[in-house]
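Everything on this sheet refers to the single structure shown next.
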Amino acid sequence: MSEDKKTVAKKAPTKKAIVKKVAAKKTVAKKVSAKKTEADLPRVKSTKKGNDENRLRILVKAYEPKVLDISVKQIIDTAKRYDAEISGPVPLPIEISKYTVNRSTFVYKDAREQFEIRVHKRLIDILNPNPKLIEALTNLSLPSGVDINVKMG
């Protein structure tokens, strides 16, 4: 044999060596999968019955977002005045209704106009409201064009 080419014969791994490598890989995989993320943990429901039962859920709707934000601010200021715990306002998806209308009454069917109505919504939760707060919210005067739905639950 010349010095240029040195061939080293490697031994083929035995079955025991292969089994050990596979077993080592499995234990590493088990250790990695043993780590639980927050998504894997079961969700714990709150056991406080006071928060679930005593809650005002206020859904405010309006066509104009500026008027909606002003009325939501009035509701939140009133709730803060009576030291209530507030969650929100949460902006909900805008409800868009589209209407297509013929421009003329009888002929020119291809000429059409499209209109849309956008309804903006906000959700406010008031936890553990007292009777004075509920009275103040019912007496609250809000701008026209604002629709309010109040649910107790």
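The values are calculated or read from the model by the stated rules, or taken from the named source; none is laboratory data. Small disclaimer: the values here were computed from a predicted structure and weren't measured. Methodologically, a virtual Cβ is constructed for each residue, glycine included, from the backbone with ideal geometry; neighbour enumeration extends over all protein chains shown. In case anyone asks, the SASA skips ligands and DNA or RNA and just uses the protein heavy atoms, side chains included. Shrake-Rupley method; radii C 1.70, N 1.55, O 1.52, S 1.80 Å.
Only one entry in Asn130, Asn102 is in contact with a Phe, Trp or Tyr (Cβ under 8 Å, 6 or more places away or on another chain) and either at pLDDT 90 or above or of a type in the set (D, E, K, R) (or both), namely Asn102.
Residues in segment 130-145 that are under 16 Å from Asp77 (Cβ atoms) and of a type in the set (Ser, Thr, Tyr) were compared, and the one that is surrounded by the most Cβ atoms within 10 Å (Cβ to Cβ) is Thr138.
Looking at segment 100-133, which of its residues are assigned to a strand (DSSP E or B) and over 26 Å from Asn149 (Cα atoms)? If the condition is that a residue be assigned to a strand (DSSP E or B) and over 26 Å from Asn149 (Cα atoms), then Thr100, Val101, Asn102, Arg112, Glu113, Gln114, Phe115 are the ones that fit.
Within segment 43-62, the set of residues being open to solvent by less than 70 Å² (accessible area, probe 1.4 Å) and modelled with pLDDT of 90 or more comprises Ile58, Leu59, Val60, Lys61, Ala62. Does Val72 satisfy the condition of being in contact (Cβ under 8 Å) with a residue 40 or more places away in the chain and within 20 Å of the chain's Cα centre (by Cα)? Considered against the rule, which asks whether it is in contact (Cβ under 8 Å) with a residue 40 or more places away in the chain and within 20 Å of the chain's Cα centre (by Cα), Val72 comes out as yes.
Under the condition of being assigned to a loop (DSSP other than H, G, I, E, B) and open to solvent by 100 Å² or more (accessible area, probe 1.4 Å), which residue from segment 63-99 is nearest to Leu140 (Cα to Cα)? Only one residue tops the list, namely Asp83.
Screening Ile117 against (1) touching a Ser or Thr at 6+ places or on another chain (Cβ under 9 Å); (2) in contact (Cβ under 8 Å) with a residue 60 or more places away in the chain; (3) hydrophobic (A, V, I, L, M, F, W, C) leaves a single unmet condition, (2).
Checking each residue in segment 100-116 for being aliphatic (A, V, I, L, M) and either open to solvent by less than 70 Å² (accessible area, probe 1.4 Å) or in contact with a Gly (Cβ under 8 Å, 6 or more places away or on another chain) (or both) picks out Val101, Ala111.
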